[in-house]
Structure formats: structure tokens, C-alpha cells
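Remarks on the structure that follows.
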Amino acid sequence: MRKKTLFQTIFLFLGLILLISCAIVPITGRRQLSLVSIGELTSMSATQYTQLMQQSKINPDKVTTAMVRKVGSKIAASAEQFLRDNGLENEISNYQWEFNVIADSATVNAFCMPGGKVAVYTGILPVTKTETGLAVVIGHEVAHALANHSGERMSQLLIQQLGGQTLALAMQNKPEATRNLALEAYGIGSSLGLLLPYSRLHESEADHIGLIIMARAGYDPREAIPFWERMSQLGGQKPPELLSTHPADETRINAIKQELPEALKYYQQP
């Protein structure tokens, strides 16, 4: 009887946490768990981003870096306007945008930490091909930050692995473990160059928001389809969709096609 009462108390407590600690994702309107403030994550990610850049080989090609920063600047401006239009202008101060290119031809990826700290690996550039293709990638990664996917995943990890401690308490009690959890929340493994996938839900949400951000930045969102088609042709054995954290290629592309009419409303062809 005591065990039953204890379990009921625990479930009630967790239910209250979930009820109180909810945020709304812009555009999609989905409710998400939010036990960690953007300010807390931004402060931590700035330090970790600096460390990652120091450990990485920064791409020496100035032309490529200039293109990445040009696209990044336009996407960042679009993202900030996106926040204003959604009544979230007070969050703009949390973003100190930074765009770097890591020389790693084996890594076909990019990431955006909370606070707008972005890195693009040279391995993805042959797939992006053009400035607009690059906008697909950077828009998608910035969308992860705008939707606070890292904060949501960090909140889940704090509950699962550290018993629901606050970030401040976890940093005090288990600083190294908490820092590793934060990297995992950002989608970055503790080993440099290892990028951990977001959930299928987060990926689909970032596709949706990313299309609108790139369109508002002046990039044709229709280019997202050939980009993801090129990504799907990279080869390798892929697990069934239900066993994968990413949407299947066909599912992702079909979803993007359905979302294009909304994104095209924001696209003004030059």
C-alpha cells in the first residue's frame, strides 16, 4: 500500500512538473518540456563552442568561410525577425551569432548551439552545392535553436539521468556529467566530430521552421527538395524509419513538399 502511494505521489509530482514547465514552439504550436532557461543554455554553450573551435581544424579557405558567413548573416536576420513576429523579441538578446567552418571532409553535417553558435563541416559542402543549398542547412540548424530543441532535450535528460535536478544544481553536484549532457542536448558527442541526431519530431519541426526562415531570408525554399534528395543518395544501409531517429528520406521530402506553399508565401524572388 505504501509503495502504491509512493508511486502515485511520484507520478503526481512528475505530472505537475510537465504541466508547469511547458513552452510553445513557434509556428508548429507544439507544447514542449522546458525545465532549462534559454539563458542558462546560452551561457553554457558559449563556453563549449569556444572549446570546440579551439580543438577543431578551422577551414583555411576564406572564400568558403565568407559564403557561409554571408548566408548565416541573412538567416540570422531572418530568424530575429521571425522572433519579433511571434512576440518573442525579448529572446533576441540571447543570440550572439557566430558562424565558422570546420575542415572535416568526412563529416557531412552542421550544428547550431543555443545562442546562435553555428559550425558547418566542409563534408557537407559538396552536397549543398550552392548558396541556396547552404541556406537549407543553416536554416534547418538555426531552426533547432529557435525551437529550443536543445533545451527540451536537456530537460528530458535532467529528468532521466539526474533525477529532475535543475541545471544549476546539476552543475554544482555533477559538473562533468552535466556538461556532457549539455553537449548531447546540442546534438554533439563528447568526441569531436561526432554529431548525435535529434529526434524525428525535432528534425521534422526544424525542416518546417527552417523552410520559412530561409524563404524570409530571400532563398528559394523549393531548393530544399533537391538538397535532401542529394543527401538521400549518399548511400549506406539505413534502418527502417521506426528504428531511426531521423525521418525516412521519402517521408521527409513528402513533408517538405506539403509545407512549401506556406514557406513560399514569405519568399520574394529577387
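The values are calculated or read from the model by the stated rules, or taken from the named source; none is laboratory data. Everything numeric in this text was worked out from a predicted model, so none of it was measured. Backbone-built Cβ (ideal geometry, glycine too); neighbour counts: all protein chains shown.
Scan the range 118-128 and give yes if some residue there is touching a strand residue (DSSP E or B) at 6+ places or on another chain (Cβ under 8 Å) and not β-branched (Val, Ile, Thr), otherwise no.
Just the residues of the range 118-128 that are touching a strand residue (DSSP E or B) at 6+ places or on another chain (Cβ under 8 Å), to begin with: 118-122, 124.
Now drop any that are not not β-branched (Val, Ile, Thr), which leaves 119, 121.
Taking every residue of the range 118-128 in turn, at least one turns out to be touching a strand residue (DSSP E or B) at 6+ places or on another chain (Cβ under 8 Å) and not β-branched (Val, Ile, Thr).
Could you list, ordered by first residue, the pairs with Cβ atoms under 9 Å in which the first is in the range 146-159 and at positive phi and the second is modelled with pLDDT under 85 and surrounded by fewer than 23 Cβ atoms within 10 Å (Cβ to Cβ), at least 6 apart or interchain?
Asn148/Ala23; Asn148/Val25; Asn148/Gln32; Asn148/Ser34; Asn148/Ile38
Determine whether the range 40-58 contains at least one residue that is part of a loop (DSSP other than H, G, I, E, B), modelled with pLDDT of 50 or more and more than 21 Å from the chain's Cα centre (by Cα).
The answer is yes, given that some residue of the range 40-58 is part of a loop (DSSP other than H, G, I, E, B), modelled with pLDDT of 50 or more and more than 21 Å from the chain's Cα centre (by Cα).
Please enumerate the residues belonging to the range 118-135 that are within 16 Å of Asp207 (Cβ to Cβ) and part of a strand (DSSP E or B).
Those that are within 16 Å of Asp207 (Cβ to Cβ) and part of a strand (DSSP E or B): none in the range 118-135.
From the list Gly87, Gly115, pick out the single residue that is under 20 Å from Ala217 (Cα atoms), free of Cβ contacts under 8 Å to residues at least 12 places away in the same chain, outside any helix (DSSP H, G or I) and not β-branched (Val, Ile, Thr).
One residue alone meets the criteria, Gly87.
Could you run through the range 160-181 and say how many residues are modelled with pLDDT of 75 or more and either at positive phi or small (Gly, Ala, Ser) (or both)?
1
Which one of the conditions (1) modelled with pLDDT of 95 or more; (2) on the phi < 0 side of the Ramachandran plot does Lys129 fail to meet, given that it meets all the rest?
(2)
Each row is one residue, and each column tells you yes or no for (1) outside any loop (DSSP other than H, G, I, E, B); (2) among the polar types (S, T, N, Q); (3) at pLDDT 95 or above; (4) surrounded by fewer than 18 Cβ atoms within 10 Å (Cβ to Cβ).
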position	(1), (2), (3), (4)
Tyr198	no, no, no, no
His208	yes, no, yes, no
Met214	yes, no, yes, no
Ala224	yes, no, yes, no
Leu234	no, no, no, yes
Pro239	no, no, no, yes
Thr245	no, yes, no, yes
